[in-house]
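Here is the structure we will look at, set down as structure tokens.
Laboratory data are not the source of any read-out in this text; all were calculated from the coordinates shown. Just so you know, these numbers come straight off a predicted model, no measurement behind them. Cβ atoms come from the backbone with ideal geometry, glycine included; neighbour counts cover every protein chain shown.
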Amino acid sequence: MKKVITYGTFDLLHYGHVRLLERAKALGDYLIVGVTSDDYDKSRGKINVRQPLSERMEAVRQTGLADEIIVEEYEGQKIDDIRKFGVDIFAIGSDWEGFFDYLKEYCEVIYLPRTEGVSSSGIRSGDSELRLGLIGTATNVDKVARECAIVNGITVSGKAGDIQDAEALFQDSDAVYIFAPPEEKAVLIRKALENGKHVLAEAPLAADTALLRELTELAGAKGLILMEALKTAFSTAYRRLILMLKGGKIGRIVSVDAACTSMQEQTAAGVANGLGSLHDWGPTAMLPVFQLLGTDFRKKQLYSLNDPVCPDLDAFTRLDFIYDSAVASVRVGKGVKSEGELVVTGTKGCAYVPAPWWKTDFFEIRYEDPSENQRFFYQLEGEGIRYELKAFLDAVNRRISADGIEKNVTEAMVRVMEDAKEGRDRTFLSGI
């Protein structure tokens, strides 16, 4: 029996995919189809895949052409599969001509003619092209613009530095990304929503809970997406960690400790806009606390050190949360240095994420017996911004909330920062 194997993502299965499978099937007696996993696709830079692995595998199965379907999960697996299954022919589309010649050492390699005029990329692009306007300082919007070029289905319609420039940008955009000080951000979000534009705005979305509810209700009334831009929430390693811990990997969680600091001191602009370390780092640092322990804490207390440039701002803040059966501590700072790690303590083990944990590609699950420790690696591309953009694009196309930050988590972050601004549960210590 002659065995043939082929591989692909098979996203939004179309006629071109079917023709390739038919040609591969005709080469032998038994066809094995490898469907790439979500994580492997991400590691290869394919973050615009629309369907999850299960749907793509089912689509291949329904063609009736595959005798066996497997999952491709890692670099070099093709050689392992060829040996394992005793494959005679490796078949792939002609757009890969020459790329897989190294497999000729293990089996015959055949490049099949590609069906012209149809592709998953073309289908995705035509279906979901989103014109995204960027509003904010050059450094931040330029970084987002570079990542937009990676995400199929998003084009940058223009950039604006302030509210006046944004008015013209609305006319050429379907959605906007906003990076701005709190008061200006709220105005921009409202104007964008009133103009019928979807919004992706840096956290925190609002300065107080009343304003957050107002903006959220406005977006809902107009059928628009209002999404919080917090790239950590969408990075692969972080998401896998949260799911693993919620599944009981280290038993019941009793403590979460997170630190986020940078040696970047307060700038004149930051002082003028009233932005301290809690504003800049608070949402990121509180994210794992609220996602793992929930938002129904019994008590909180903040301790802040005044900034030497502007005494009204904090250069460093420690937040302590008390739950019925757990505690959490968060440390944030600008112009100070702490080990930016994340440690989650459980009744069976602990999770350790090294600095900088908010953009890590690695974490470790540790147990009493070190021989049982496990390490997990997930490649991180673009600091997580491209995954955030992909989630926003999916949310806009499907008109559903993005699967990244829960609504109650966003509300809790804003509530804590509102209380801090009003001085509730907060103690200011003498300055640095």
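Annotations for the structure displayed:
- Space enclosed by the convex hull of the alpha-carbon atoms of the stretch 3-118, per residue, Å³: 98
- Rounded to whole numbers, the Karplus 3J(HN,Hα) couplings from phi for the stretch 149-164 are 5, 8, 8, 5, x, 10, 10, 7, 8, x, 10, 9, x, 8, 4, 4 Hz, using 6.51 cos²θ - 1.76 cosθ + 1.60 with θ = phi - 60°, and x at Gly and Pro.
- Shape category assigned to the stretch 297-379 from the gyration tensor of Cα positions, a/c cut at 1.5: oblate
- Residues in the stretch 156-183 reached by a label modelled at Q264 [backbone nitrogen below 19 Å; 7 Å Cα→Cβ]: 160-162, 177-183
- Going from the fewest other Cβ atoms within 10 Å to the most, the residues D88, D67 appear in the order D67, D88.
- Size of charge dipole - the chain - debye, nearest 20, with Cβ of Lys, Arg +1 and Asp, Glu -1, no other charges: 480
- Rounded tilt (10° steps) of 277-293 against the dominant C-alpha axis of the chain: 60
- √(5λ) per eigenvalue of the Cα gyration tensor, the stretch 129-229, largest first, Å: 20, 15, 12
- Amide H contacts for K159 (H built 1.01 Å from N in the peptide plane; partners 5 or more residues away or on another chain; cut-off under 5 Å): L134.
- Per-residue ³J(HN,Hα) for the stretch 210-222, Karplus 6.51 cos²θ - 1.76 cosθ + 1.60, θ = phi - 60°, Hz, x for Gly and Pro: 5, 5, 4, 4, 4, 5, 5, 5, 5, 4, x, 5, 9
- Along the chain, counting only GluC sites (Glu not before Pro) with a DSSP assignment other than H, G, I, E or B and at most 10 other Cβ atoms inside a 10 Å radius, the longest segment between sites is 117-367.
- Taken over the chain, the percentage of Cα pairs per 20 Å bin, counting from 0 up to the bin with the maximum distance, is 23, 49, 25, 3.
- Exposure proxy order (Cβ contacts within 10 Å, fewest to most) of I79, I154, I70, I250: I79, I70, I250, I154
- Whole-Hz ³J(HN,Hα) from phi, Karplus 6.51 cos²θ - 1.76 cosθ + 1.60, for the stretch 243-257, glycine and proline x: 5, 5, 6, 5, x, x, 4, 10, x, 6, 7, 10, 7, 10, 10
- Within the chain, the longest segment free of exposed loop sites, counting trypsin sites (Lys or Arg not before Pro) that fall outside DSSP classes H, G, I, E and B and have at most 15 other Cβ atoms within 10 Å, spans 45-221.
- Just so you know, the averaged projected area of the alpha carbon convex hull for the stretch 233-429 sits at 12.0 nm².
- Beta bridges per DSSP with both ends in the chain, % antiparallel, nearest 5: 40
- Panel order for M263, M413, by other beta carbons found within 10 Å of each beta carbon, from fewest to most: M263, M413.
- At full extension, E73 and E383 could sit 109.4 nm farther apart than now, given 0.36 nm per residue minus the alpha carbon distance.
- Ordered from longest to shortest, the equivalent ellipsoid semi-axes for the stretch 148-306 are 30, 21, 16 Å, each the square root of 5 times a Cα gyration tensor eigenvalue.
- Overall form of the stretch 290-329 per C-alpha gyration tensor (a/c, 1.5; a/b vs b/c): prolate
- Short-range pairs are left out: with C-alpha atoms under 8 Å and at least six residues apart, the relative contact order of the chain is 14 percent.
- For the chain, the longest principal axis of the alpha carbon atoms and the long axis of helix 53-62 meet at an angle near 20°.
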